[in-house]
1. What is the chain's relative contact order, in percent, from Cα pairs under 8 angstrom and six or more apart in sequence?
2. Taking the Cα centre as origin and putting +1 on Lys and Arg beta-carbons and -1 on Asp and Glu beta-carbons, what dipole magnitude results for region 16-60, to the nearest 20 debye?
3. Just to be sure I understand the model, the point goes 7 Å from the Cα along the line to the Cβ. What's the resulting Ala42 to Ala82 distance in nm?
4. Ordering Asp88, Asp32 by how much accessible area each has at a 1.4 Å probe, largest first, what is the list?
5. Given a 10 angstrom Cα cut-off, can you work out which residue in Leu14, Leu76, Leu31 is the most mobile in a GNM of the chain?
6. Give the accessible surface of the chain per residue, rounded to a whole number of Å², with probe radius 1.4 Å and ligands, DNA and RNA excluded.
7. Which of Ala56, Cys68, Leu18 sits farthest toward the positive end of the charge dipole of the chain, with +1 on the Cβ of Lys and Arg and -1 on the Cβ of Asp and Glu?
8. How much accessible area does Ser41 have with a 1.4 Å probe, in Å² rounded to the nearest 10?
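The values are calculated or read from the model by the stated rules, or taken from the named source; none is laboratory data. For clarity, every value in this text was computed on a predicted model and none was experimentally measured. Cβ: placed from backbone, ideal geometry, glycine included. Neighbour counts: every protein chain shown. Each accessible area value is taken on the protein alone, full model and side chains, heavy atoms only, with ligands, DNA and RNA left out. Shrake-Rupley method; radii C 1.70, N 1.55, O 1.52, S 1.80 Å.
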Amino acid sequence: MLAGEVALALAPTLRESLAVLISEGRMWIVLDLDQVTFMDSAGLGVMVYGMRRAEARGGRLRLAGPGCQVRRLLELTGLDTAIEVLPDAAAACHGPWR
């Protein structure tokens, strides 16, 4: 679960964490955004990076429970149509993957 701001300061760490997960063969990834209060373009860039890396290996990246600010950012950028966004972590983990 991520919490607080997913911005420039956190982006490199999150990117590295995703890279490690995917290199270990974990290609079906859910990022729980329920506790994220703010996301900027650096955070969006990490989401795109994770999505592309997972898909390149035959997997998927899902986003779960984004708050109003994050959801609005995803909608404004069109990323909500590229990455599957679900209402909460339970739905993201247990629902069918598209």
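1. Relative CO of the chain lands at 30 percent.
2. 260
3. Modelled inter-label distance: 1.9 nm.
4. Largest accessible area first, the residues go Asp88, Asp32.
5. With Cα springs under 10 Å in the chain, the top fluctuation among Leu14, Leu76, Leu31 is at Leu76.
6. Each residue of the chain exposes 54 Å² on average to a 1.4 Å probe.
7. The residue sitting most towards the positive pole is Ala56.
8. 90
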